[in-house]
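Below is one structure, written out as structure tokens; the observations come after it.
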Amino acid sequence: MWWHISFATRYSSHRLSGVLFLDELPEFSRTAMEVMRQPIENGAITISRAAGTLSYPCSVMLVCAMNPCPCGFYGHPTRKCTCPSGAPARYLSKVSGPLLDRLDIHIEVPQVNFRELSDTEQAESSEEIRKRVNAARSIQQKRFEGTGITCNAKMTPAMTRRYCPLSGEASAMLEKAFERLGLSARAYDKVLKVARTIADLDNSEGIQTRHLAEAIQYRSLDRKFWQNA
Ligand SMILES: [Zn+2]
């Protein structure tokens, strides 16, 4: 696939879990996708059988990828989508709004061009990224000492208000984004948690407007595709 739209929930572990990667998300049945909503939300899966009900920990990092339409070129800057009229909308509608809303980060991954492929400049190595991530995790562990949680992803709405204060300027930016993007209350919390994490990765005590702007940008992909299909 030359082009993917990827979504991820930030890592929130009960230390037994890993990454659940669903490639070609719209190919999964609607029921399979909807049934994931509860585990994503609660970090647990409940199975009911005649003999009883059991709950298992199920706090994975969920990563999904998909094309924007069956041919893969819908919304492409230079190639033409060859799908019959209405096909991109039907394809995108297989992924529901409520499921999209539960995913923290939406990223469009455009095609790599020749210049980028032949670029000899070294990108940041995994080793360096690991160091930055570990440093951000230590900040979070210290922040939540004694609260029963260890990372930003696990904050309750009340904790989000407490640990993610915004300056007047940032608050106004978030309010504007809310009106423009029509975000839900769930998305509001997610934007704040992602902004807090971006600030931690930047080793910044407060959430700056640039951190918030980046977090808001991770909520805008569905507006580009789902609302225009
Ligand atoms: Zn197409």
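Bear in mind that the values in this text are calculations on the coordinates, not laboratory data. Model, not experiment: these values are computed from the prediction. We place every Cβ from the backbone using ideal geometry, glycine too, and count neighbours over all the protein chains shown.
Ranking of Val35, Val95 by neighbouring Cβ atoms within 10 Å, starting from the fewest: Val35, Val95.
With 31 Å as the limit, the listed pairs Lys80/Lys193; Lys94/Lys190; Lys94/Lys193; Lys94/Lys142; Lys80/Lys176 have Lys80/Lys193; Lys94/Lys142; Lys80/Lys176 beyond it between alpha carbons.
In the chain the Cα-Cα distances spread across 10 Å bins starting at 0 as 7, 27, 33, 25, 7, 1, 0 percent of all pairs. Looking only at the range 152-170, which residues have a backbone nitrogen under 17 Å from a spot 7 Å from the Cα of Ala135 in the C-beta direction? Correct set: none at all. Rounded to the nearest 0.05, what FRET efficiency do His76 and Leu22 have when you use their Cβ-Cβ distance and R0 = 25 Å? Efficiency, from the Cβ-Cβ distance: 0.65. Both radii were evaluated on the Cα set of the range 126-221; the Rg over Rh quotient, with Rh as the Kirkwood radius, amounts to 0.97. Just checking the listed ones, Asp189, Asp23, Asp104: in the Gaussian network model of the chain with Cα springs under 10 Å, the one fluctuating most is Asp23.
Using the beta-carbon distance between Ser184 and Glu205 and R0 = 35 Å, what value does 1/(1 + (r/R0)^6) give for FRET efficiency, to the nearest 0.05?
Values: r = 29 Å, r/R0 = 0.81.
Using R0 = 35 Å, I get an efficiency of 0.75.
The distance between label points at Gln217 and Arg162 comes to 3.2 nm (points 7 Å beyond Cα on the Cα→Cβ vector). In terms of packing, defined here as the mean over residues of other Cβ atoms within 10 angstrom, the peptides 170-182, 60-72 line up highest first as 60-72, 170-182. With r as the distance between the Cβ atoms of Ser55 and Lys94 and R0 = 35 Å, compute the FRET efficiency 1/(1 + (r/R0)^6) and round to 0.05. So, using R0 = 35 Å, E works out to roughly 0.75.
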